[in-house]
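Reviewing the structure listed below.
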Amino acid sequence: MEKLSLLQKMIDDSHRIVFFGGAGVSTESNIPDFRSSDGIYQEKYAYPPEQVVSHTFFQKKPELFYEFYKEKMMFLDAKPNKAHLKLAEMEEKGKLSAIITQNIDGLHQLAGSKNVLELHGSIHRNYCQRCGKFYGAKYVKESEGIPICECGGTIKPDVVLYEESLDSEVIQKSVREIAQADMLIIGGTSLVVYPAAGFIDYFRGKHLVVINKSATPRDEQADLCIQKPIGEVLEGITV
Ligand SMILES: [Zn+2]
C-alpha cells in the first residue's frame, strides 16, 4: 500500500493520537533550527549556539545571549504552516489528544491547538527575575540589549536553556498522553535531542509513525516511516 494511504488508514483507525514534534515542524514556517550547522551563525558569533543558549552563558553574558536569542530564536512574524493547521483540525475533530513539542515558537497555539505541551518552554512567556512580572515576546524582541523590568530586574524567557531541567509537570503530562495514545506520530525531529527518544518507550498503542526528512534512530521500531517534510505529508490527510 502506498505510504500516504497507509497513514490515512492508521489515522482513520485511531481516536487518541499524540503528535510529538521537533524543529522540522517549524522550518516550514521559515524558522531555522538554531542548532543547525549551516554556518549562518558561525560567521557572526564567537560561541557555538549550544553554549550561548545555556544557563551559565545567560548569567555571565546576558547581552550576548539576548543578541543571539532575539535574532536566531524569536520569529514573531512566523505563521503556522500546513502541519500546524492539520494538527489543530485533528484536535478539533476529536482525533488528537495532545501535541508535545520541542519548539518554543507558539505556532501550534496560533494555529488553534489547545492541548500543547511545550517541553522547552515558549518565547511568548518572559518573567522578571526579581519581581516575577510577566512580559510578552514583543517587549523582549523590541528591547535594546538586555530586556529590563520596570523594577530594574533582568527579564528571563521561560525557555529551557542548556543545563536547565525540563518542567516536571510538562514531562509527567507528556508521558501520560503518550502512554494513553493509540497512535503516536513523531514529526520533524531526528529524535536525538533529549528527552525525545526516551519518551517513545512509554507508547503502548497500535500505530507508531515517524515522519522526518531524514532517517532517525527509531525508524526500525516504527510501523511506518515517511521521509518527507511533515507539512507536505499532513496536507494530504483528510480528517
Ligand atoms: Zn521586576
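The values are calculated or read from the model by the stated rules, or taken from the named source; none is laboratory data. None of the values given here were measured: they were computed from a predicted structure. As a convention, Cβ positions derive from the backbone with ideal geometry for all residues, glycine included, and neighbour counts pool all protein chains shown. Side chains included, ligands, DNA and RNA excluded: accessible areas come from the protein's heavy atoms. Shrake-Rupley method; radii C 1.70, N 1.55, O 1.52, S 1.80 Å.
Observations on the structure shown:
- Computed from point charges on the beta carbon alone (+1 for Lys and Arg, -1 for Asp and Glu), the dipole magnitude for the chain about its Cα centre is near 300 Debye.
- Taking 27 Å as the limit for the C-alpha separation, the pairs Lys114/Lys156; Lys138/Lys213; Lys114/Lys206; Lys9/Lys82 exceed it in the case of Lys138/Lys213.
- Close amide H pairs (under 5 Å, H built 1.01 Å from N) link Leu224 with Leu208, Val210, residues at least 5 positions away or on another chain.
- The residue list Asn115, Val170, Phe203 was ranked by how far each Cα lies along the charge dipole of the range 83-239 toward its positive end, using unit charges on Cβ atoms, and Asn115 comes out on top.
- Springs join every pair of Cα atoms under 10 Å in this Gaussian network model of the chain, and among Gln227, Gln172, Gln180 the largest mean-square fluctuation is at Gln172.
- Highest mobility in the GNM of the chain, judged by mean-square fluctuation with C-alpha springs under 10 Å and restricted to Tyr202, Tyr47, Tyr127, is found for Tyr47.
- DSSP bridge orientation in the chain - percent antiparallel, rounded to nearest 5: 25
- Each peptide among 149-155, 71-77, 162-168 gets the average number of other Cβ atoms lying within 10 Å of its residues, and from highest to lowest they stand as 71-77, 149-155, 162-168.
- Value of [θ]222 nm, deg cm²/dmol, for the chain, DSSP H segments ≥ 4, -39500 (n - 2.57) each, nearest 500: -8500 deg cm²/dmol
- For Leu96, distant residues with modelled amide H under 5 Å away: Ile17, Glu91
- Shape category assigned to the range 58-161 from the gyration tensor of Cα positions, a/c cut at 1.5: prolate
- Solvent exposure of the range 84-164, expressed per residue, is 45 Å² of accessible area, with all protein chains present and a 1.4 angstrom probe.
- Charge-dipole axis of the chain as Lys and Arg at +1 and Asp and Glu at -1 on Cβ define it, positive-most pick from Phe20, Cys128, Leu85: Cys128
- The order of the peptides 98-107, 137-146 by mean Cβ neighbours within 10 Å, most packed first, is 98-107, 137-146.
- Length added when fully stretched, Glu144-Lys79, from 0.36 nm per residue minus Cα-Cα: 20.9 nm
- Per-atom-type breakdown for the range 27-109 gives carbon and sulfur 50% of the accessible area (1.4 Å probe, protein chains only).
- Per-residue ³J(HN,Hα) for the range 139-145, Karplus 6.51 cos²θ - 1.76 cosθ + 1.60, θ = phi - 60°, Hz, x for Gly and Pro: 4, 5, 4, 8, 6, 7, x
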